[in-house]
Amino acid sequence: MPAIAPLDDNVASTVERRLIGVAQSFDAALRDRITLLLTAAAQAIVQLADLDLVQFEAGQEQGGHTLALWEDLAPVMSGTVKQVNEVIAGATAQFPPPAEDESLDDLDAAFAPSASAQAKEEGAPKSTAEEIASLVAAVCSGMRRDVTRLGDRLRNPTVMGDPWMLIQDLLEFRGRVRLGLGELIYQVCSFIAVVDREDVVPGYVGELENSLLVRNATTNLAFLFRGHAKRIGAAADDRIVAALQDALKDVHAFSRTRALHQLRTSDKRIFLETRATLYALVKAAAPPALEIRQSVENLARFLDSMSVVSRRENLRLHDRAKLARAGRHLEAAQVNLGTPEIARRELADAVKAAFALYGRDAQLDAYLRAQRHFPVDWLSESDLALEIARVAALLSGVAPP
């Protein structure tokens, strides 16, 4: 049976108690219904936690991975669909869909920024119960359509014949359902209180940490491997295997991190299969230099492309908050230039906030790597103003989340 990455029981229990407390702030007529809605959604997120469907064999990196077989996947697949259908039934029982609501295409449409504004323009403002019913209808409609889409994929011979595609479809489906339910919880709680997602959505903190881990680790490996690719590209044929062996040391170091397990299935497949190819080339009696160069360049390009991880919604929200925090500290540093100790401390706090953005922008990344050797805490007083301006320019160059 595939291993489940469990959520911490204490954390999940704390979040559930917090949700019950938020529900008590609603009008008496809504409290019980909202309590049932929030706790059922939270429990479903826990039950649909991520799965480990790709196992790694220690010391066997040259192809050392196995995929869960259909015999293992079948009960997980059916159990997943059953859980989702149950949470849909429970949510719609508490908040039946308004008669005038039309089904949305998918979970992405469920929280379209213009949806609520458009509804208000079209008629009288809705009551809280009606607003929540509309949210529930949108999310449940999206989940139903995703269930249908998953069923269609499972009837596709191409998918059924490729375990990688099967695993990808299952994990992406579970992840989308968790995301939709988490956003439902957050939006409902926001009707009555100012809340942060990490406080009310089970597993949100862990998923954010995993996303940050993937971004940091792949950014480091991309930086290192781009250098290896240049050296291998310029190496003489009789030195190319030694250069590849040196590059594989960093590949091995990355493979030992938790980041590899947290890669999305399609990315994991590319990395593992390319890694196996590189190890096979190292062991070949007469490895063709051209094939080595091409394989190394392919992996370098793939690692560069991993910068798209920043498009994940949890990272977009995280990055927006960190950019704002860094900006506030820079403003405080500028205002306090007359007091160097305070200005230096505020600048250091700005850079600390910027470290959470590592992997967002190549120029900022280069600056942050240099900070590991000569941090702003060491700056002389005469250089503080210049450094504040430099950091401000770097942050202004980061694309908006």
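The numbers here are math on the coordinates, done by the rules we state, and not lab data. Remember, it's a predicted structure, so these values are computed and weren't measured experimentally. Neighbour counts are summed over all protein chains in view; Cβ atoms, including those assigned to glycine, are modelled from backbone coordinates with ideal geometry.
Let's test the formula: R0 of 41 Å, r as the Cβ-Cβ distance of S78 and Q363. What FRET efficiency results, to the nearest 0.05?
Details: r = 49 Å, r/R0 = 1.20.
For R0 = 41 Å, the calculated efficiency reads 0.25.
Could you state the number of Å between the C-alpha centres of region 237-284 and region 300-372?
Here the two parts' Cα centres lie 30 Å apart.
How do the peptides 147-159, 271-283, 36-48 rank, highest first, by the average count of neighbouring beta carbon atoms within 10 Å per residue? Show your work: numbers first, answer last.
Numbers: 147-159: 13.0, 271-283: 17.6, 36-48: 21.0.
Sorting 147-159, 271-283, 36-48 by mean packing, highest first, produces 36-48, 271-283, 147-159.
Can you work out the Karplus-derived ³J(HN,Hα) for every residue in region 140-146? Use 6.51 cos²θ - 1.76 cosθ + 1.60 with θ = phi - 60°, whole Hz, and x for glycine or proline.
My calculation for region 140-146 gives 5, 4, x, 5, 4, 5, 5 Hz in order.
Taking the structure as given and computing P(r) over Cα pairs in 10 Å bins from 0, in percent, which label from (1) 4, 18, 23, 24, 18, 9, 2, 0; (2) 5, 22, 30, 24, 14, 4, 0; (3) 5, 24, 35, 24, 10, 2, 0, 0 fits?
Here the calculated entry is (1).
How big is the dipole moment of the chain about its Cα centre under a simple scheme where the beta carbon of each Lys and Arg is +1, that of each Asp and Glu is -1, and everything else is neutral? Debye, nearest 20, please.
Once rounded to the nearest 20, the dipole reads 820 debye.
How are the Cα pair distances of region 325-401 distributed, in percent, across 10 Å bins from 0?
20, 57, 21, 1
Testing the spin-label approximation: label points 7 Å from Cα along Cα→Cβ at R17 and T66. State their distance in nm.
Rounded to a tenth, the inter-label distance reads 4.2 nm.
Please sort 214-225, 240-251 by packing, taking for each peptide the average over its residues of neighbouring beta carbons within 10 angstrom, highest first.
On the way: 214-225: 21.6, 240-251: 17.6.
Sorting 214-225, 240-251 by mean packing, highest first, produces 214-225, 240-251.
Over region 208-309, calculate the relative contact order: mean separation of alpha carbon pairs under 8 Å at least 6 apart, over the residue count, as a percent.
Details: 76 pairs, mean separation 45.0, N = 102.
Relative contact order of region 208-309: 44 percent.
Report the FRET efficiency, 1/(1 + (r/R0)^6), for I342 and H261, where r is their Cβ-Cβ distance and R0 is 51 Å, rounded to 0.05.
Values: r = 43 Å, r/R0 = 0.84.
E(calc), rounded to 0.05, equals 0.75.
Sort 386-392, 23-29 for me by packing, meaning the mean count of neighbouring Cβ atoms within 10 Å per residue, highest on top.
Going from most to least packed, we get 386-392, 23-29.
Could you give each residue of region 283-298 its phi-based ³J(HN,Hα) in whole Hz, using Karplus coefficients 6.51, -1.76, 1.60 with θ = phi - 60°, and x for Gly or Pro?
Residue by residue, region 283-298 yields 7, 5, 5, 9, x, x, 4, 5, 5, 4, 4, 5, 5, 5, 5, 4 Hz.
Using the Cα centre as the reference, give the magnitude of the dipole from point charges on the C-beta atoms of region 316-401 (Lys, Arg: +1; Asp, Glu: -1; all else neutral), rounded to the nearest 20 debye. Please report the intermediate quantities before stating the final value.
Working: 12 positive and 11 negative charges, 85 e Å.
Taking the Cα centre of region 316-401 as origin, the dipole is about 420 debye.
For D52, which sequence-distant residues (separation of 5 or more, or a different chain) have an amide H within less than 5 Å of its own amide H, given hydrogens modelled in the peptide plane?
A3, I4, A5
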